[in-house]
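See structure below.
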Amino acid sequence: MKRGLLVFAAMACADPVNSAERSALGPEDPSVPKGELHRPGQPCLVCHDDFAAAGTVYQDDLVTPSEGATVTLIDAVGSQSSATTNSAGNFFIRKSDWKPTFPVGTYTDGNGNTVFGISVVGSDPNNAAQMITQVGRDLGCNACHQPERTAESPGPIYITTGAP
Amino acid sequence: MRSYAYAIVVASIAALACFACQFASSDLRTGVDAPDLGQFETAGVADYMDHRCGSLDCHGQATRNLVMWGCNGLRLDPNETGLIPGCRASGGKNTTPEEYEASYRSLVGLEPAVMTAVVQNGGQHPELLTFIRKARGWDAHKGGALVTPGDDQDVCLTSWLAGSADQTACANAITETP
């Protein structure tokens, strides 16, 4: 009886939108163990609700992961956090380490200077990629940065030559 | 006798309901007194909203009730695959007239009766509109409270609703707000 109530309570609390998003991700790649290297390119925050920000960075062929790139984020009140991409190109920042105030992204400061709130730098600091628009609430980068450029997506996050 | 009266009442209500349905045409349209489309485009109201509300993770999503199109987020033409993201300054393509109009229609069609009432009253009580209440954080809004009554962002929106969009406030709203 008690177990039944618990199951019922869990079902009642389930978010049907999130459940559908999780289902849409499909199964794990059997050749990649579940962990920091799994599911590159997929919208991390759909499952990882303990992440403040996460995504995947590619080289300029848009396929090869960019390992060792530094992703830096500056929020609306100037709080900053960084992460380094792993061999799958994945990076993540936990909420326990950084709680951004939205929006995060490019803006003009009081002195008329452009502040790039989201940037990615590989081994060559002259080849930084900077996001030119804003993120209003969801730093699960791959939710917008999908594999193909479409009307709804600017395509994958990538850095040009100089990638490590 | 009592059940006879009851039957008459029920029959009368049913007849009235059928009669009423005859006037509810399936292609019935209602108009809306809306603020000016030209000002929405040229005074910077749309550009401000695209910048502040229209990112791809917020109202730049086609599934939202309020959808914003523009060069900072969602593009209108589904065939524009491969487009360089962003506006012209960053190598992309600026918001098109069609995108401005689509955003306008999305906004003014959200609550047509309320929009009509606000516009007919010269922009008095813009907070009757849900999008104003949400922007101010007075209604639940996942994006939080974005504007404060009287600041440039708020003035940009409310002046447009009142019939004379404040171009300076809209320009400031873009540059002042991260």
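For segment B:149-178, which positions are at pLDDT 95 or above and among the hydroxyl-bearing types (Ser, Thr, Tyr)?
B:THR158, B:SER159, B:SER164, B:THR168
Can you tell me which residues in segment A:86-120 are assigned to a strand (DSSP E or B) and either open to solvent by less than 40 Å² (accessible area, probe 1.4 Å) or facing chain B (nearest Cβ under 8 Å) (or both)?
Of everything in segment A:86-120, those that are assigned to a strand (DSSP E or B) and either open to solvent by less than 40 Å² (accessible area, probe 1.4 Å) or facing chain B (nearest Cβ under 8 Å) (or both) turn out to be A:ASN90, A:PHE91, A:ILE93, A:VAL104, A:GLY105, A:TYR107, A:THR108, A:VAL115, A:ILE118, A:SER119, A:VAL120.
In this structure, is B:LEU66 away from chain A (no Cβ under 14 Å), under 21 Å from B:ALA34 (Cβ atoms), touching a Leu at 6+ places or on another chain (Cβ under 7 Å) and part of a loop (DSSP other than H, G, I, E, B)?
no
Just to be sure before I move on: is A:ALA83 in contact with a Leu (Cβ under 8 Å, 6 or more places away or on another chain) and either closer than 23 Å to B:ALA173 by Cβ or outside any loop (DSSP other than H, G, I, E, B) (or both) in the structure I sent?
When the stated conditions are applied, A:ALA83 does not pass them.
Filter segment A:86-112 down to the residues that are touching a Leu at 6+ places or on another chain (Cβ under 8 Å) and polar (S, T, N, Q), then identify the one that is nearest to A:PRO43 (Cα to Cα).
My answer is A:ASN90.
Count, please, the residues in segment A:11-30 that happen to be farther than 21 Å from A:PRO156 by Cβ and either in a loop (DSSP other than H, G, I, E, B) or in contact with a Lys or Arg (Cβ under 6 Å, 6 or more places away or on another chain) (or both).
Residues in segment A:11-30 being farther than 21 Å from A:PRO156 by Cβ and either in a loop (DSSP other than H, G, I, E, B) or in contact with a Lys or Arg (Cβ under 6 Å, 6 or more places away or on another chain) (or both): 4 in total.
Please enumerate the residues belonging to segment A:32-58 that are open to solvent by less than 50 Å² (accessible area, probe 1.4 Å) and either at pLDDT below 95 or among the small types (Gly, Ala, Ser) (or both).
Within segment A:32-58, A:VAL32, A:GLY35, A:GLY41, A:ALA52, A:ALA53, A:ALA54, A:GLY55 meet the criteria.
In segment B:17-30, is there at least one residue being open to solvent by less than 80 Å² (accessible area, probe 1.4 Å) and at pLDDT 90 or above?
No, because not a single residue in segment B:17-30 is open to solvent by less than 80 Å² (accessible area, probe 1.4 Å) and at pLDDT 90 or above.
Restrict the check to segment B:42-49 and report whether at least one residue is among the acidic types (Asp, Glu), within 21 Å of B:ILE174 (Cα to Cα), away from chain A (no Cβ under 11 Å) and surrounded by 14 or more Cβ atoms within 10 Å (Cβ to Cβ).
Scanning segment B:42-49 turns up at least one residue that is among the acidic types (Asp, Glu), within 21 Å of B:ILE174 (Cα to Cα), away from chain A (no Cβ under 11 Å) and surrounded by 14 or more Cβ atoms within 10 Å (Cβ to Cβ).
I need a count of the residues in segment B:107-130 that are open to solvent by less than 20 Å² (accessible area, probe 1.4 Å) and closer than 19 Å to B:MET68 by Cβ.
Residues meeting the conditions: 5.
Condition first: at the interface with chain B (Cβ under 8 Å from one of its Cβ atoms) and either open to solvent by less than 40 Å² (accessible area, probe 1.4 Å) or within 16 Å of the chain's Cα centre (by Cα) (or both). Now tell me which residues in segment A:149-164 satisfy that.
A:ALA151, A:SER153, A:PRO154, A:GLY155
The values are calculated or read from the model by the stated rules, or taken from the named source; none is laboratory data. Every value quoted in this text rests on a predicted model; they were computed, and no experiment measured them. A quick note on method: Cβ atoms are made from the backbone with ideal geometry, for glycine too, and the neighbour counts reach across all protein chains shown. These accessible areas exclude ligands, DNA and RNA; they are computed on the full protein's heavy atoms, side chains included. Shrake-Rupley method; radii C 1.70, N 1.55, O 1.52, S 1.80 Å.
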